[in-house]
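Computed from the coordinates by the stated procedures, all read-outs in this text should not be read as laboratory data. Keep in mind that what you see is a predicted model, and the values were worked out from it rather than measured. When we count neighbours, we look across all protein chains shown, and the Cβ atoms used for this are built from the backbone with ideal geometry, even at glycine.
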Amino acid sequence: MTSPMPVLVAAHHEVAGPGAAVARALLREVARQGVPVHPDPVGVMAARVVQGYRAQGATVVVVPLAVAGGYRAPAFLQGLDAGEGVALAPCLGPDPRLVELLAERLDLAGALPRDAVVVAGGGPDDGDGRDRLAAGLRLLRQGPVTVAGRSTRAAVFAARAAGARRVAVASVHLGAGTGHELLERVSGADVVTAPVGRDARLVGALLDRYREARCAVDVPMEPAVVLGATGGPGPTALTPVV
């Protein structure tokens, strides 16, 4: 008998607002491919949600929805133990498809081929992933590509000081929330791309991360107490969308 497919739980630091809305749209697309998914992105409650599914006897694959997170999990997942029946997949990026997506966003925003580009957004823990995305963009751009540290504005000014006449910021935020709006308001760039948003390439990357991690969670577990969405009893509260 074939074991049930693991439930995909998507972890993202934003569980409300535009970024979360994009995450839900991506999960709906994944569910249409026949993958059982938890319908909402989870943040600091990731461990509790995973425990709820394990209590139902389901195996789980957790995928961080970080476009530029490299292969390090976000800080709020560091307490989640990957073990019997649970696998923590790599983040969505960096990935060649996401590099291509960022290059398209730059073109759509009006960035010129020789503009300096600063890759920004995603949080301070995503530096390694942004470095990898920048390395990919350098192959597609004529101008210099750098990575913002704690201050995108400082990175933009540094690019100008190095001789750039125009500077474009490539945003790796999923949606147009507070973080992305700050890039538009205070970065000082000539051009700021739209958020990554809902795109079939993100869906493909999400499916790939899930499939890569599936082999680690094919061990069944006896059902125990089922947790509801708020931690109380609720036999069907965590039933995934299929």
ask   = What is the ratio of the Cα radius of gyration of the stretch 96-192 to 2.2 N^0.38 Å, where N is its residue count, to two decimals?
value = 0.94
remark   = Counting Lys and Arg as +1 and Asp and Glu as -1 over every other residue whose Cβ sits under 13 Å from the Cβ of GLY17, the net charge comes to -2
ask   = So what are the ³J(HN,Hα) numbers for the stretch 5-13, from phi and the Karplus equation (6.51, -1.76, 1.60; θ = phi - 60°), rounded to whole Hz, Gly and Pro as x?
value = 5, x, 7, 8, 10, 8, 9, 8, 5
query = Assigning unit charges at the beta carbon (Lys, Arg +1; Asp, Glu -1) and nothing else, what dipole magnitude in debye, to the nearest 20, does the stretch 96-192 show about its Cα centre?
reply = 340
Furthest towards positive pole of dipole, LEU182, VAL99, VAL156, structure part the stretch 96-192, Cβ charges = VAL156
